[in-house]
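Notes follow the structure.
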Amino acid sequence: MIKRELKVNLKSFIIWLFILIAMFLLVYLIYPYIITDESMKEIDEMMKVFPPEVLKAFNMDVTSITTAYGWFKTEGFMFILLITGIYSSFLGGNILLKEENDKTIEYINSLPIKRNNIITNKVIVGIIYTILIVLLFGLFNFISLKLSGDLDTKQFLLLSITPLFVSLPLFSINLFISTFMHKSRRITGISLGLVFLFYIISVLSELSEEVEFIKYFSLYTLADTRNVISNIEINPIMIIISLLITIIFITLSYVKYNKKELV
């Protein structure tokens, strides 16, 4: 059944990975022509206009965007976190519901397969694809930035795995939410809404010390990108919290799915 699930979800995986690669490939190709000595001065002047809080929200206070790698660590990485987060959310929200939505659940139920086996196979495939999209896209970025000659390898490698600390919990949370539904239409909106809600909370928390505490309500805090960029290290607490959230919501999904009335 795992092979079937891998095949069923392969097309959407390739599409999402292609979108990411195409977007960043375009940036890497045109960036050398955009960033000239004159434009670098203009960028530096423009940075002085922005409030420090805004620069901090996009990591522009700890790195410059005058190189492709600098852009990757600021605006580029925000895109990576958002798109991988959306992909993992959609995957988690639809991987179980797809059977009910396509009316194939009746056939699966007729087979000598326990519900625990169904969800286990889908969770394994979901985690495989969530990890693969982060790793394969990381490999693409590594090759591209290495060719540009501007790359801190250790910092890049640590930074490239941080989307997993957000994507895996998002996958598990949306998987759990999907066990309360029967149609994939509703979960799609919820999945997208959760991603942007967590992202907006994360950005807003950087804009003022008075609201900094709200970052603890956002999964995007687990990426801890500022710490990786500044100190070139990953806070192990973020890994532990990410794994705990993932395990808890996957466990809850098992409990709820076994009680769910399938249609």
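The values are calculated or read from the model by the stated rules, or taken from the named source; none is laboratory data. Being a predicted model, the structure only gives us computed values, none of them experimental. Cβ: placed from backbone, ideal geometry, glycine included. Neighbour counts: every protein chain shown.
The residues of the stretch 254-263 that are among the basic types (Lys, Arg) and at pLDDT 90 or above amount to a single one, Lys256.
Candidates are the residues of the stretch 206-253 that are buried (at least 18 other Cβ atoms within 10 Å of the Cβ) and more than 19 Å from the chain's Cα centre (by Cα); the one that is modelled with the highest pLDDT is Ser253. Taking the stated definitions as given, is Phe176 surrounded by fewer than 24 Cβ atoms within 10 Å (Cβ to Cβ) and in contact with a Phe, Trp or Tyr (Cβ under 8 Å, 6 or more places away or on another chain)? The answer is yes for Phe176. Counting only residues that are of a type outside the set (Val, Ile, Thr) and under 24 Å from Leu244 (Cα atoms), the stretch 182-193 holds 3 of them. Under 7 Å between Cβ atoms, which residue pairs at least 6 apart in sequence (or on different chains) link something in the stretch 217-236 that is of a type in the set (Gly, Ala, Ser) with a partner that is assigned to a loop (DSSP other than H, G, I, E, B) and surrounded by fewer than 22 Cβ atoms within 10 Å (Cβ to Cβ)? Filtered contacts from the stretch 217-236: Ser230/Val62. Going by what's in this entry, would Phe196 be described as closer than 15 Å to Ile80 by Cα, at pLDDT 90 or above and not hydroxyl-bearing (Ser, Thr, Tyr)? Judged against the criteria, Phe196 is a match. When Ile80, Ile86, Ile21, Ile14 are screened for being at pLDDT 65 or above, exposed (fewer than 13 other Cβ atoms within 10 Å of the Cβ), among the aliphatic types (A, V, I, L, M) and assigned to a helix (DSSP H, G or I), only Ile14 passes.
Can you tell me which residue in the stretch 121-161 is farthest from the chain's Cα centre (by Cα), limited to those that are charged (D, E, K, R) and surrounded by fewer than 20 Cβ atoms within 10 Å (Cβ to Cβ)? Per the stated criteria, the residue is Asp150. Residues that are out of contact with any Cys (no Cβ under 9 Å at 6 or more places or on another chain), assigned to a helix (DSSP H, G or I) and within 18 Å of Ser12 (Cβ to Cβ) occur in the stretch 145-167; there is at least one.
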